[in-house]
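A short worksheet on the structure shown next.
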Amino acid sequence: MKRITINTKGQGYGKEAMKLIVKWIFESSETQRIWLDVKTFNNRARHVYPET
């Protein structure tokens with residue numbers, strides 16, 4: 001996955017989408033970790049990415 005864009009900002013769709021995608025990855029594969037890269041100044045993206 002390279003990029004997810006949501007046209008309607010500030011409604012929580014991106015955060016919910018990320019939660020569901022991460023959950024699906026761990027439940028349907030043998031993946032043990034995911035690497036997410038975000039620029040330190042991109043507060044909107046940092047807020048969306050789940051913390052572990």
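Read the figures in this text as sums done on the coordinates, not as results from a lab. Computed from a predicted structure; not experimentally measured. Glycine gets a Cβ as well: all are built from the backbone with ideal geometry, and neighbour counts include every protein chain shown.
Structure data summary
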quantity	calculated
Rounded tilt (10° steps) of 13-28 against the dominant C-alpha axis of the chain	10
Relative packing of 33-43, 14-24, which averages over residues the other C-beta atoms within 10 Å, highest first	14-24, 33-43
Distance (nanometres) between label positions extended 7 Å along Cα→Cβ at Lys15 and Arg3	2.3
Distant alpha-carbon pairs in the chain (separation over 12 angstrom), percent	69
